[in-house]
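> Here it is, the structure, as structure tokens.
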Amino acid sequence: MLFWVALISVVVMLGAAFAVLFLENYLAATAAISVVSLALSVLFFVLQAPDVALTEAAVGAGISSVILALTLRRVGLWRIETHKDKQ
Amino acid sequence: MTESAGIIILSYCGAIGLILLGVFAMVMYRHLIRIIFGLMLLEAGVNLFLITIGYRANAVAPILVDGQIPAAAMVDPIPQAMVLTAIVIGVGVQALALALVVKTYQAYRTLDTQELAQKLAKETGVDIIEGTPVYLPSPLAAHKQILEEKST
């Protein structure tokens, strides 16, 4: 049972990490990085570290995404639609 | 037992994958925010690696209930305490890096490292040959040296 939870969370985590690297839109990449943090906190819970899982879910998926989104708005990359430019 | 072994192998695979993706992003991309994405992935991978090192098969979480030590073995609590600290420090590092990105954008209106290098070179008067700054001696000094050699 726990093995399947770990398998699903690892697959979601690595898929979201690939999405972070290859998404053109910076807002979508920020959302993908918070998905990475959430899947990582599930994996921490499977590995018997509930306190680390709580901290990762609160800090990694919460505060980190918020400061990234605020920075994107400050530097003018807050765009919903994707447009092609060099990375 | 085999379930725990599978969990350990999966966690190591996830940690190594995250570290590789983070290093790839930090090395290959030119945009500053993409480099910070790579830094965040790298931190997550290292945290997962440390927690997996402290994991033991068929163990419970290192939490005492009513001061009673549980009958089953406990996982190693030292890496968990270190990772708990590292997560918070990582968010501080990200906040500092993002503040520097905002200041860089306000000063130069670009976040591409190549364009930033060219603008910095134009400011400081350093020549750029194929993307790398080259510190050549100024032509005036070289000319003066040749004249001195001729006169002696």
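The values are calculated or read from the model by the stated rules, or taken from the named source; none is laboratory data. Computed from a predicted model, the values in this text were never measured in an experiment. No Cβ is skipped: glycine too gets one built from the backbone with ideal geometry, and neighbour counts run over all protein chains shown. Heads up: the accessible areas ignore ligands, DNA and RNA and are worked out on the full protein's heavy atoms, side chains in. Shrake-Rupley method; radii C 1.70, N 1.55, O 1.52, S 1.80 Å.
> For the structure I just gave you, tell me whether B:Ala59 is within 10 Å of chain A (Cβ to nearest Cβ) and either touching a Phe, Trp or Tyr at 6+ places or on another chain (Cβ under 8 Å) or buried (at least 18 other Cβ atoms within 10 Å of the Cβ) (or both).
In short, no.
> Could you tell me whether the stretch A:35-48 includes any residue that is more than 7 Å from chain B (Cβ to nearest Cβ), among the hydrophobic types (A, V, I, L, M, F, W, C), more than 14 Å from the chain's Cα centre (by Cα) and open to solvent by less than 10 Å² (accessible area, probe 1.4 Å)?
no
> Looking only at the stretch A:1-11, count every residue that is open to solvent by less than 70 Å² (accessible area, probe 1.4 Å) and touching a residue at least 12 places away in the same chain (Cβ under 8 Å) and tell me the total.
Summing the residues that are open to solvent by less than 70 Å² (accessible area, probe 1.4 Å) and touching a residue at least 12 places away in the same chain (Cβ under 8 Å) in the stretch A:1-11 gives 4.
> Within the stretch B:19-40, count every residue that is within 10 Å of chain A (Cβ to nearest Cβ) and under 23 Å from B:Gln114 (Cα atoms).
Qualifying residue count for the region: 15.
> On to the next question. Among (1) touching a helix residue (DSSP H, G or I) at 6+ places or on another chain (Cβ under 6 Å); (2) facing chain B (nearest Cβ under 10 Å); (3) closer than 30 Å to B:Ile78 by Cβ, which single condition is A:Leu21 missing?
Unmet condition: (3).
> Under 8 Å between Cβ atoms, at least 6 apart or on separate chains: pull out the pairs that start in the stretch B:18-30 with a residue that is in a loop (DSSP other than H, G, I, E, B) and end on any residue that is open to solvent by less than 70 Å² (accessible area, probe 1.4 Å) and small (Gly, Ala, Ser).
Hits for this filter: B:Tyr29/B:Gly38.
> Of the conditions (1) within 7 Å of another protein chain (Cβ to nearest Cβ); (2) assigned to a helix (DSSP H, G or I); (3) open to solvent by 10 Å² or more (accessible area, probe 1.4 Å), A:Ala28 clears all except one; give me its number.
Unmet condition: (1).
> Can you name every residue in the stretch B:74-88 that is open to solvent by 50 Å² or more (accessible area, probe 1.4 Å) and closer than 16 Å to B:Ile7 by Cβ?
Passing the criteria: only B:Asp76.
> I would also like to ask the following. Spot the failing condition for A:Ala58; the list is (1) closer than 17 Å to B:Val88 by Cβ; (2) at pLDDT 95 or above, and only one is missed.
Exception for A:Ala58: condition (2).
> Right, next: Give just the number: which of (1) at pLDDT below 90; (2) among the hydrophobic types (A, V, I, L, M, F, W, C); (3) open to solvent by 80 Å² or more (accessible area, probe 1.4 Å) does B:Leu111 not satisfy?
That leaves (3) as the condition not met.
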